[in-house]
Structure formats: C-alpha cells, structure tokens
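Just so you know, all these numbers are worked out from the coordinates, no wet-lab data involved. Because the structure is predicted, anything quoted here is derived from the model rather than measured. Cβ atoms come from the backbone with ideal geometry, glycine included; neighbour counts cover every protein chain shown.
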Amino acid sequence: MPHHRTILHVVGARPNFMKAAPVYHALAARSVRQTIVHTGQHYDAAMSGAILKELELPDPDVNLGVGSGTHATQTAQVMIAVEEHLRTARPDLMLVYGDVNSTMAATIAAVKLGIDVGHVEAGLRSGDRSMPEEINRLVTDRLSRWLFTPSRDGDENLVREGVDPGQISMVGNVMVDTLVKLLPAADGEEQLRAFALRNGSGPSPFVLVTLHRPSNVDDAEMLARLFAALDRIARNVPVVFPVHPRTRERMARFGIAQGRVAVTEPLTYLPFLGLQRHAAVVITDSGGIQEETTFLGVPCLTMRENTERPVTVSVGTNQLLGRDTGAMEREVEAILAGRRKTGSIPELWDGRAGERIAGLLS
Ligand code: UD1
C-alpha cells in the first residue's frame, strides 16, 4: 500500500464517529496531515457534536450541512457538497466508515475525481437489499481502492464478489478500539442513579433497548407490538429505552404510548456504554450494538431477520429474533432466570485495529 501524506476522513452520522476516532488518533501519532469533513447527515448535539467531544476528536474542519431528506435527496446533497470540497482539497486518500448514506455518497464523488478511497468496516453483508445500508455497503466496497475488514466473513464476501485479495486487509474492529479505550471512563454510575438501577450491592437487573430501523419503527403494527411487549417486560424489570429521533417521530405519528418503558432522549457515547456494560440484556436493531455487547459479554437480542455481523451470533452473545416479539419476551425471561447465551471475543477485536490501519497507510 502506498504511503499517504494527506488523508481526508468523511463522517456524517452517529455510528461513523466511534469508527473514525481510533484511525484518526493512530494517524495523528504519525506525520500524516488529516482533515475531517462532516457531511451534516446527523446534526443534533446528542447525535453528533457531543459524541465527537467524548471521542476527543477535533471539531470537523468542514461541515457540509446536508441534513435529513429522502435517500436520493440526502445522497445527492452529500455528493454535490463533497465533490465541491474535494476539487480543491485533493487528498492522497479519502477514508469512509461503515454503511450510512454519507459513506456511499462521498465514495461516488471521490472516485469520479480520481481520488482513492479506503473503506473501514468493509465486506459486511446482510444479504438483504431491502436495507438501505446493504446498498451502501455494496456500492462503497465496489468502488473503494482499499478495503479494511473487521472479521474473516468480510474478506470472504469480498473475494466471492470478485475483489482482488490484494485490496483487502483484515484489521479487526475499530468500534472495539473506541470501546476498549473509553470503557474506564464509562462506569455508568450517573445513569444507574438517574434511572434508579442501583441497589445496595450494585446495579440491579435492567433491560436496555434501542430500536430505530425502518423495518421496526416505520411499520405502525410492528412498533405497537414491540412497545406492547416491552411494556409487559417492564412489569418485572426496568426497561430503559433512549429513543432515536426517527423512532420518537414515529411514536408520535402512530400514537404509540411508552407505557411502563423508561423512554429517554438519545444518549451520547459514554453514558450509553455505561448502561450497556451493566445491562442484563440488550434489545436492539443496531449494527454496532450487536458488536459492543459481544465484546462486553452482555446477551443481545436483535430484532432483525438477518445480520451483516454474523460473528456476533456464531462467536458472540447475539441472537437474531426477526420480528418475533413473543420470542423477545421469552428470551428476556430466560436470561433473567440465568439461562443466557455466553460467547467469546472474535479474532482481532483487541483495541488495535486503528493502529493496524495507520500502519498500512502511512
Ligand atoms: C442513519 C443510518 C443508519 C444508522 C443511523 C444511526 C442511513 C441510510 N442510515 O439512520 O444506518 O444506524 O443513522 O443513527 O444512512 N434526525 C434528527 N436529528 C438528527 C438526525 C436525524 O432529528 O441529528 C431525524 C430526522 O427526522 C431524519 C431522521 O431522523 O429524517 C432519520 O435520519 P437519517 O439520517 O435519514 O437516518 P437515520 O434513521 O438516523
């Protein structure tokens, strides 16, 4: 891999920031000139600015202010704004992260200007093209010059799609780098107190929930069924649910009440990690949280039909429950009764993925 003197990072949405941080910090320790371009896909403080501070990332050099919109609108706006920036910036390499709309849009713009792209978290596939993220993964990987994968399945997917193995490097999981670094700062004490999740001897059992995928929250019947099930679970054990803005909007639109569920605003990285480490079980449809719970050894119930992160199921603590809210209730009960899936930590999820990427690029 050639030596890169100037590297431009593109970030846009919440899950990008914890992936970019370890790569940025590792490159900063070498003599690489770096700039951070924020597309503005996410703009609320709790979804963006406050998280960047916790991760000790500098303020982005540029914020393109793209904001929300339909997929085509958001993608097009990012392409226009990134192209304009890159025409003068001309970095040796652009790095993109994960699978959000900003990732794909920035990649298309850069490649057409002849700028090489490196994709961090390459090769993941759910096989489900009804997920916008799957389209973003396919396009980004196809166009990127360098592909940094978190696990062996990523390499296998790429090779199966005809990618030259010389473009692929399995580096481990950058999200885990951030977790390892910040876990000591995320004891969760403040949140445990705020949600009354402490008894004399330590944290009392609780369920932590995050749901924001269109397949769960844009479907009125499904969202109502999820809340009805969570409400029943909350009769026996506290259920804490930091609600993504999309979910909040759908609850209001469909007239779905929170019932006994302790609904809160989105939490930033450290408070959320602080809760996650102490949760008895996490219910989610997020990608990153499937990985974080596997690293922490916390049981995870994923309300999706498929996952682009199969090691979290084969090696880790994750279980896929699809749309089966009945199974969700039964599994929570089983876990609280002590019957929980145990797991181990996947290969190279060791806190050094950012270092490996920096070593390859500089
Ligand atoms: C995006 C990613 C998803 C990721 C998620 C994490 C895509 C296709 N999806 O989904 O993979 O898991 O981020 O959060 O890129 N909104 C706000 N404030 C914000 C951002 C969004 O209120 O700061 C609201 C707006 O009503 C917006 C909606 O959330 O329309 C959806 O935002 P959008 O960026 O389109 O996608 P996410 O659902 O956040």
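Stokes-Einstein D for the chain at 20 °C, 1.002 mPa s, Kirkwood Rh over Cα pairs, in µm²/s?
103
Percent relative contact order of the range 9-122, based on C-alpha pairs within less than 8 angstrom and at least six residues apart?
Rounded, it is 29 percent for the range 9-122.
If you wrap a convex hull around the Cα atoms of the range 230-330, how much volume per residue is inside, in Å³?
108
If we count other beta carbons within 10 Å of each Cβ, what is the order of Tyr43, Tyr269, fewest first?
Ranked by crowding around the Cβ, least crowded first: Tyr43, Tyr269.
How charged is the neighbourhood of Leu275? Take every other residue with its Cβ under 15 Å from the Cβ of Leu275, and add Lys/Arg as +1 and Asp/Glu as -1.
Around Leu275, the surrounding residues sum to -3.
Loop only per DSSP, at most 15 neighbouring Cβ atoms within 10 Å: give me the trypsin sites (Lys or Arg not before Pro) in the range 17-116, ordered by residue number.
Listed in order of number, the matching sites are Arg30.
Considering only Val311, Val82, Val163, give the residue with the highest GNM mean-square fluctuation for the chain, with springs between Cα atoms whenever their separation is below 10 Å.
Of Val311, Val82, Val163, the most mobile in the Gaussian network model is Val163.
In the range 189-257, which trypsin sites (Lys or Arg not before Pro) are in a loop and have at most 11 other Cβ atoms within 10 Å, using DSSP for the loop call?
Arg235
Using r as the Cβ-Cβ distance of Thr73 and Arg339, and R0 as 45 Å, what FRET efficiency do you calculate, to the nearest 0.05?
Efficiency at R0 = 45 Å is approximately 0.45.
For the range 1-100, what ratio Rg/Rh do Cα atoms give with a Kirkwood hydrodynamic radius?
0.95
Fully extended, how many nm does the chain gain between Ala252 and Asp187 (0.36 nm per residue separation, minus their Cα-Cα distance)?
Here the segment from Ala252 to Asp187 would lengthen by 20.1 nm.
Which part of the range 39-77 falls in the paramagnetic zone of Glu83, meaning amide N under 12 Å from the point 7 Å along Cα-to-beta-carbon?
Hits in the range 39-77 for Glu83 at 12 Å: 76-77.
Just to be sure I understand: with springs between alpha-carbon atoms less than 10 Å apart, which residue in Leu57, Leu113, Leu230 has the highest mean-square fluctuation in the Gaussian network model of the chain?
Leu113
Starting from the Cα of Lys53, step 7 Å along the direction of its Cβ; do the same at Asp231; then give the gap between the two resulting points in nm.
Each label point lies 7 Å from its Cα, and together they span 3.7 nm.
Can you tell me the order of 286-295, 317-326 when each peptide is scored by its average per-residue count of other Cβ atoms within 10 angstrom, highest first?
Highest to lowest by the protection proxy: 286-295, 317-326.
Suppose a student asked you for the relative contact order of the range 115-202, using Cα pairs under 8 Å spaced at least 6 residues apart; what percent would you report?
Computed value for the range 115-202: 26 percent relative contact order.
Treating cross-link reach as a plain straight distance, find the lysines whose alpha-carbon is under 26 Å from the alpha-carbon of Lys112, omitting any fewer than eight places away in the same chain.
Lys112 reaches Lys19.
For the range 22-171, just the Cα set please: Rg and Dmax, both in angstrom.
Just the Cα atoms of the range 22-171 yield Rg and Dmax of 15.2, 42 Å.
Calculate, for Ala224 and Arg129, the FRET efficiency according to 1/(1 + (r/R0)^6) with r their C-beta to C-beta distance and R0 30 Å; round to the nearest 0.05.
About 0.65, to the nearest 0.05.
Cut-off is 10 Å between beta-carbons; in what order do His42, His278 appear when sorted fewest neighbours first?
His278, His42
Quick check: Cα centre of the range 302-362 to Cα centre of the range 79-133, how many Å?
Between the Cα centre of the range 302-362 and that of the range 79-133, the gap is 26 Å.
So which residue, out of Asp59, Asp285, Asp116, gets the largest mean-square fluctuation from a GNM of the chain using Cα contacts under 10 Å as springs?
Asp59
Sort Val10, Val332 by Cβ crowding within 10 Å, fewest neighbours at the top.
With the sparsest Cβ surroundings first, the list reads Val332, Val10.
Below 8 Å, C-alpha to C-alpha, sequence gap of six or more: please give me the relative contact order for the chain in percent.
After rounding, I find 18 percent.
Taking a quarter of the surface of the convex hull around the Cα atoms of the range 217-275, what do you get in nm²?
Mean projected area of the Cα convex hull: 4.0 nm².
So for the range 281-343, what are the equivalent ellipsoid semi-axes in whole Å, largest first, each being the square root of 5 times an eigenvalue of the Cα gyration tensor?
Semi-axis lengths for the range 281-343 are 16, 14, 9 Å.
Restricting to DSSP H runs of at least four residues, report the calculated mean residue ellipticity at 222 nm for the chain, -39500 (n - 2.57) per run over all residues, nearest 500 deg cm²/dmol.
Rounded to the nearest 500, the figure is -13000 deg cm²/dmol.
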